[in-house]
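Here's the structure, in structure tokens; my notes come after.
The values are calculated or read from the model by the stated rules, or taken from the named source; none is laboratory data. The structure displayed is predicted, hence computed values, not measured ones.
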Amino acid sequence: MSIEEILIDKVRILPPDRQQEALDFVEFLLAKIDKQGLSNQPQKSGISALTMAQEYIGCVEAANDLSTNKNYLDGYGS
């Protein structure tokens, strides 16, 4: 029997509140592994959000900016 099968069998006999506790612990372990994985990756040199988003600026067609229309919320919520 594999560790996975043993773990599943043991979790099944736990009461629901203890199953939740086991799930929380597993999620903690996964987050810990994920955090370690991220910390082992080399850091990129400093780059601004503007530089990263540069290719997307102006790519969406939309109505005029609502901040210039002082009445755009008139009647809203009334």
* Kindly indicate which of Asp17, Asp24 is assigned to a helix (DSSP H, G or I), modelled with pLDDT of 90 or more and more than 25 Å from the chain's Cα centre (by Cα). => Asp17
* When only residues in the stretch 27-56 that are part of a helix (DSSP H, G or I) and of a type in the set (Gly, Ala, Ser) count, which is modelled with the highest pLDDT? -> Ala31
